[in-house]
1. So if I check each of THR87, THR33, which one is among the polar types (S, T, N, Q) and free of Cβ contacts under 8 Å to residues at least 40 places away in the same chain?
2. What pairs come out if I take residues in segment 41-62 that are under 22 Å from CYS27 (Cα atoms) and in contact (Cβ under 8 Å) with a residue 24 or more places away in the chain and pair them with residues that are of a type in the set (Phe, Trp, Tyr) and assigned to a loop (DSSP other than H, G, I, E, B) whose C-beta lies under 8 Å away, six or more apart or interchain?
3. Regarding segment 80-94, can at least one residue be identified that is part of a loop (DSSP other than H, G, I, E, B) and more than 10 Å from the chain's Cα centre (by Cα)?
4. Name the pairs: first residue in segment 4-26 and of a type in the set (Lys, Arg), second residue modelled with pLDDT under 95, Cβ to Cβ under 6 Å, at least 6 apart or on different chains?
5. Which one of the conditions (1) open to solvent by 40 Å² or more (accessible area, probe 1.4 Å); (2) at pLDDT 90 or above does ASP67 fail to meet, given that it meets all the rest?
Amino acid sequence: MTALEKRHPFRSKAITQAANGEPCTVCGRNDGTTVFCHLNDGWAGKGMGQKADDFAGFFGCHKCHKDYDEIPGVMGEWVIMRAMYRTWRRLLDRGILRVKE
């Protein structure tokens with residue numbers, strides 16, 4: 001991709017909607033506020049007015065999502081990476097993500 005090509009983000013309603021009813025993959029809270037939280041990093045596809053790709057994120061409750069978005073660095077990178085792994089694992093277990101054999 002050249003510098004002038006527009007990047008097309010990966011979008012999946014199945015992934016983002018899968019957070020409904022799930023416990024938070026950061027703190028484990030299951031209070032009905034869990035949503036798919038997109039990463040805030042350019043390497044994940046985040047840009048001016050554009051969210052990261054829909055597989056670059058985690059299931060987060062309202063509190064964890066707010067903390068992640070509003071207080072940069074409050075959660076260590078390993079916490080976010082662990083939450084993202086837990087989210088991918090749930091998506092794999094539910095058949096939303098599949099690995100090609």
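The values are calculated or read from the model by the stated rules, or taken from the named source; none is laboratory data. On a predicted model such as this, the values are computed, not experimentally measured, just so you know. Using ideal geometry, Cβ is built from the backbone for each residue, glycine included, and neighbour counts are taken over all protein chains shown. All accessible areas refer to the heavy atoms of the entire protein, side chains included, with ligands and DNA or RNA removed. Shrake-Rupley method; radii C 1.70, N 1.55, O 1.52, S 1.80 Å.
1. THR33
2. Hits for this filter: ASP54/PHE10; PHE55/PHE10.
3. Looking through segment 80-94, at least one residue is part of a loop (DSSP other than H, G, I, E, B) and more than 10 Å from the chain's Cα centre (by Cα).
4. Cβ pairs passing all conditions: ARG11/ASP54.
5. (1)
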